[in-house]
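Step one of this worksheet: look at the structure below.
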Amino acid sequence: MDTSGLAVVFTQMCGDIWVDDSGGSLHGHLSARLLDDDNSGEIGAFSGPDAVTFESTGVLARLVDHAHSTWLSRGARFHSVWSPLEEFRAWTSLGYEPTALSLEREWGTWTSSQSPEGVTVRVARTDDLLALQDLDAEIDRAHHDAVDPSSRSRLVDLLEDPEVTYLVAEHEHRVIGQIAAWSLGALVGYFPETLHLSDLAVAPPFRRRGVAALLIREVVRQHSEDTRVVETRSRVINSGASALWANLGFETAFVRLERTLR
Ligand SMILES: CC(C)(COP(=O)(O)OP(=O)(O)OC[C@H]1O[C@@H](n2cnc3c(N)ncnc32)[C@H](O)[C@@H]1OP(=O)(O)O)[C@@H](O)C(=O)NCCC(=O)NCCS
């Protein structure tokens with residue numbers, strides 16, 4: 001086999017991989033892909049959970065030291081990593097800040113609660129677009145992000161995607177909440193039978209009445225045959241959303257952390 005050719009392909013797919021092989025044995029590795037960040041437009045170095053292993057915080061510190069200067073010289077402004085919950089303190093000790101959580105729960109049991117009065121759930125339609133854009137802006141607001149000007153085309157993509165279940169909650173013919181969900185079973189690196197929840201939002205006057213819980217319950221019910229685990233993402237800054245997911249029994253699996261490169 002032509003291993004040098006293989007190494008080139010591997011590097012293109014994963015970026016450089018740093019290893020700590022001091023003393024002749026392997027103590028850890030670190031890699032990242034350099035990509036444009038959707039929010040800031042800056043280049044960032046992104047590492048998934050399988051892009052890093054380390055035996056100790058000292059090993060991680062050495063790997064990070066070497067990698068940071070190379071990423072910086074290639075134009076990256078920050079490093080973002082998804083860390084398993086049990087390892088995230090090693091990152092914070094190196095100056096990384098937690099920014100988001102990946103949360104999950106096994107579905108199995110759901111203690112059903114009462115639906116909020118007068119609220120019904122149906123599949124979203126293209127004529128809901130204006131209301132969906134308002135709800136999308138609520139998510140940006142909760143994250144202290146500027147309202148996304150490309151929100152309309154992203155929502156149209158979601159509405160038209162046959163793999164996505166997009167539901168809205170309605171009250172007196174007014175759209176007051178939304179959720180989108182799709183199965184991750186077919187994607188590499190995920191457990192089969194995993195349903196991803198996204199784009200959850202409820203209009204401010206209708207909050208704390210159980211509308212979000214109703215939308216979550218309904219979208220999972222529609223996927224109950226092929227769902228064992230339900231997962232979602234939540235920003236650390238979004239304390240209301242964190243409280244909601246905790247209330248529904250979701251637990252943190254991974255923490256996303258970020259550090260500016262300098
Ligand atoms: C987060 C959000 C979707 C919750 O919607 P909601 O309809 O108010 O949630 P529910 O009424 O179903 O809440 C169920 C439980 O979750 C918890 N909860 C929900 N919102 C909470 C908040 N802001 N603060 C504390 N706990 C909260 C409570 O335990 C609540 O039960 P309770 O009201 O009986 O105490 C809504 O606040 C929202 O749209 N926020 C802006 C957009 C956003 O942050 N989306 C989530 C992205 S991950």
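The values are calculated or read from the model by the stated rules, or taken from the named source; none is laboratory data. Given the structure is predicted, the values throughout are model-derived calculations rather than measurements. Cβ coordinates were reconstructed from backbone atoms using ideal geometry, including for glycine residues, and neighbour counts include every protein chain displayed.
Quick check: anything in region 221-244 without any contact (Cβ under 8 Å) to a residue 40 or more places away in the chain and of a type in the set (Val, Ile, Thr)? No, the conditions are met nowhere in region 221-244. Scanning region 116-159 for residues that are in a helix (DSSP H, G or I), charged (D, E, K, R) and more than 28 Å from SER40 (Cβ to Cβ) returns ASP127, ASP128. Residue pairs whose Cβ atoms lie under 6 Å apart, sitting 6 or more positions apart in sequence or on different chains, and linking a residue in region 113-124 that is within 9 Å of LEU214 (Cβ to Cβ) to a partner that is assigned to a loop (DSSP other than H, G, I, E, B), are PRO116/ARG209; PRO116/GLY210. Return a yes/no flag: does region 102-115 have any residue that is closer than 30 Å to GLU258 by Cα and either of a type in the set (Lys, Arg) or surrounded by fewer than 16 Cβ atoms within 10 Å (Cβ to Cβ) (or both). Yes, there is a match, as at least one residue in region 102-115 is closer than 30 Å to GLU258 by Cα and either of a type in the set (Lys, Arg) or surrounded by fewer than 16 Cβ atoms within 10 Å (Cβ to Cβ) (or both). Criterion applied to VAL175, VAL147, VAL156 was being buried (at least 18 other Cβ atoms within 10 Å of the Cβ) and over 16 Å from the mean Cα position of the chain (by Cα), and the one residue passing it is VAL175.
Applying the set (1) in contact with a helix residue (DSSP H, G or I) (Cβ under 7 Å, 6 or more places away or on another chain); (2) modelled with pLDDT under 95 to LEU197 leaves exactly one unmet item: (2).
Put simply, of GLU138, GLU97, GLU170, GLU106 the only residue that is of a type in the set (D, E, K, R), under 23 Å from GLY240 (Cα atoms) and at pLDDT below 95 is GLU106. Go through the residues of region 166-175 one by one and say whether even a single one is closer than 30 Å to LEU60 by Cα and of a type in the set (Lys, Arg). The answer is no, given that none of the residues of region 166-175 is closer than 30 Å to LEU60 by Cα and of a type in the set (Lys, Arg). Of all residues in region 92-103, those that are part of a helix (DSSP H, G or I) have Cβ atoms under 9 Å from Cβ atoms of residues that are not hydrophobic (A, V, I, L, M, F, W, C), 6 or more apart or on another chain, in THR92/PRO98.
Kindly indicate whether any position in region 130-137 is exposed (fewer than 12 other Cβ atoms within 10 Å of the Cβ) and either under 16 Å from LEU197 (Cβ atoms) or under 17 Å from the mean Cα position of the chain (by Cα) (or both). No. Picking from residues in region 229-262 that are of a type in the set (D, E, K, R) and exposed (fewer than 15 other Cβ atoms within 10 Å of the Cβ), the one that is nearest to the chain's Cα centre (by Cα) is GLU251.
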